[in-house]
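Undergrad: My structure is below; once you've seen it, I'll send some questions.
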């Protein structure tokens, strides 16, 4: 196993369990205690986890939203594969919604070859990412939320109500055991729900680190999606959505 794969796996495991010990990590990743301690030190320096005397805990508690830098670092290679598969669903001349998640924003790199797209988003980061693509960009406006560099609130929702999207691409921080795409904060739910409702095709992007987690607010049942794109070889199971595994 390459070191970056192990680091990604450690962050995912800590996020899922809430706390892991050094011996548990040694067993899980077939590594020595010295190696695991070096990995934990590196992840702690990047503010991806918090170390304590016996192991490590997530850097972010469940009632807060992780920073965009934290989210971008988790399972980064898988997110690129997922984003590439999602971009293949976009046709020239489409009107699409892209949310502020790091997985969905990764689509921008793969949309450069498309022609005449109109992209609506609540992500301020998209303004920089798209500056050389030539596509038309519309930002929703609204109340700015710094950790995710995104707009939320009534104005953002009202803006989305004016569109009939060909596709809406969203991600979520969790896929619950009972089959819902779920979020940590309520304000991020309303924007995604509105975009999905205004779209002809709904696409959910989710890497395996998000499977079978609990979060406070449901966006929508995953069976309401037209496509689910994931790197998980097993989950979700028995969904009525078309599941694309990358």
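Undergrad: Quick one: residue 209 ticks every box in (1) in contact with a strand residue (DSSP E or B) (Cβ under 9 Å, 6 or more places away or on another chain); (2) crowded, with 17+ Cβ neighbours inside 10 Å bar one, so which box is it?
TA: (1)
Undergrad: What about residue 228, is it closer than 21 Å to residue 78 by Cα, in contact with a strand residue (DSSP E or B) (Cβ under 9 Å, 6 or more places away or on another chain) and touching a residue at least 60 places away in the same chain (Cβ under 8 Å)?
TA: Values: closer than 21 Å to residue 78 by Cα: yes; in contact with a strand residue (DSSP E or B) (Cβ under 9 Å, 6 or more places away or on another chain): yes; touching a residue at least 60 places away in the same chain (Cβ under 8 Å): no.
Spelling it out, it is not the case that residue 228 is closer than 21 Å to residue 78 by Cα, in contact with a strand residue (DSSP E or B) (Cβ under 9 Å, 6 or more places away or on another chain) and touching a residue at least 60 places away in the same chain (Cβ under 8 Å).
Undergrad: Filter the stretch 182-206 for residues that are within 30 Å of residue 6 (Cα to Cα) and either in contact with a strand residue (DSSP E or B) (Cβ under 6 Å, 6 or more places away or on another chain) or not assigned by TED's automatic domain parsing to the domain that holds residue 166 (or both) and give the result.
TA: At the first step, the residues of the stretch 182-206 found to be within 30 Å of residue 6 (Cα to Cα) are 182-185, 203-206.
182, 183, 203, 204, 205, 206 - these are the residues of the stretch 182-206 that are within 30 Å of residue 6 (Cα to Cα) and either in contact with a strand residue (DSSP E or B) (Cβ under 6 Å, 6 or more places away or on another chain) or not assigned by TED's automatic domain parsing to the domain that holds residue 166 (or both).
Undergrad: Can you spot a residue in the stretch 123-139 that is assigned to a strand (DSSP E or B) and buried (at least 20 other Cβ atoms within 10 Å of the Cβ)?
TA: Within the stretch 123-139, one or more residues are assigned to a strand (DSSP E or B) and buried (at least 20 other Cβ atoms within 10 Å of the Cβ).
Undergrad: Of all the strands (runs of 3 or more DSSP E) wholly in the stretch 153-246, which have at least 1 residues that are farther than 22 Å from residue 80 by Cα? Let's see the steps before the verdict.
TA: Working: elements: 165-171, 180-183, 199-205, 217-221, 227-230, 242-245.
It comes to 165-171, 180-183, 199-205, 217-221.
Undergrad: Which of the residues that make up the stretch 109-122 are over 21 Å from residue 204 (Cβ atoms) and either assigned to a strand (DSSP E or B) or outside the structural domain of residue 155 (by TED's automatic domain parsing) (or both)? Give the derivation first.
TA: Our first condition is that a residue be over 21 Å from residue 204 (Cβ atoms); within the stretch 109-122, this holds for 112-113, 115-116, 118.
Once the filter is applied, which keeps residues that are over 21 Å from residue 204 (Cβ atoms) and either assigned to a strand (DSSP E or B) or outside the structural domain of residue 155 (by TED's automatic domain parsing) (or both), the stretch 109-122 yields only 118.
Undergrad: Restricting to the stretch 17-35, name every residue that is under 26 Å from the mean Cα position of the chain (by Cα) and surrounded by 15 or more Cβ atoms within 10 Å (Cβ to Cβ). Give the steps one after another, and end with the answer.
TA: So in the stretch 17-35, the residues under 26 Å from the mean Cα position of the chain (by Cα) come out as 17-20, 25, 28-29.
Selection gives 20, 25, 29.
The values are calculated or read from the model by the stated rules, or taken from the named source; none is laboratory data. Computed from a prediction, not measured in an experiment: that's the story for all the values here. Here the Cβ is made from the backbone with ideal geometry for all residues, glycine too, and neighbour counts use every protein chain on show.
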